[in-house]
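The values are calculated or read from the model by the stated rules, or taken from the named source; none is laboratory data. Computed from a prediction, not measured in an experiment: that's the story for all the values here. No Cβ is skipped: glycine too gets one built from the backbone with ideal geometry, and neighbour counts run over all protein chains shown.
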Amino acid sequence: MKVSLEFLYHFHCDRCRKWWSRADIEPQIGEQVYCPYCGHVNIVEVVQTFRNAARGGSCLSQRPDEK
Ligand SMILES: [Zn+2]
């Protein structure tokens, strides 16, 4: 059996608050990312990993879209 790992990055638009995802291409701090829904140009400020989020308790105490 072969096992493959995929990195899946989730983006949250600052303007319309919708989510979309991108696989394997790591976002860079300062990168411009266009929202596929409203076209807003977002700037990547932080790449938060699940482990970092779990330490802060944010993903356990509130849903990601409630920030
Ligand atoms: Zn948007």
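Below are the figures for this structure:
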read-out	value
Test result for residue 33, among the hydrophobic types (A, V, I, L, M, F, W, C) and assigned to a loop (DSSP other than H, G, I, E, B)	no
Residues being over 23 Å from residue 6 (Cβ atoms), within 16 Å of the ligand (Cβ to nearest atom) and either β-branched (Val, Ile, Thr) or at pLDDT below 95 (or both) - total across the stretch 19-66	2
Close pairs from the stretch 1-18: first under 17 Å from residue 47 (Cβ atoms), partner of a type in the set (Ser, Thr, Tyr), Cβ under 6 Å, at least 6 apart	8/21; 10/21
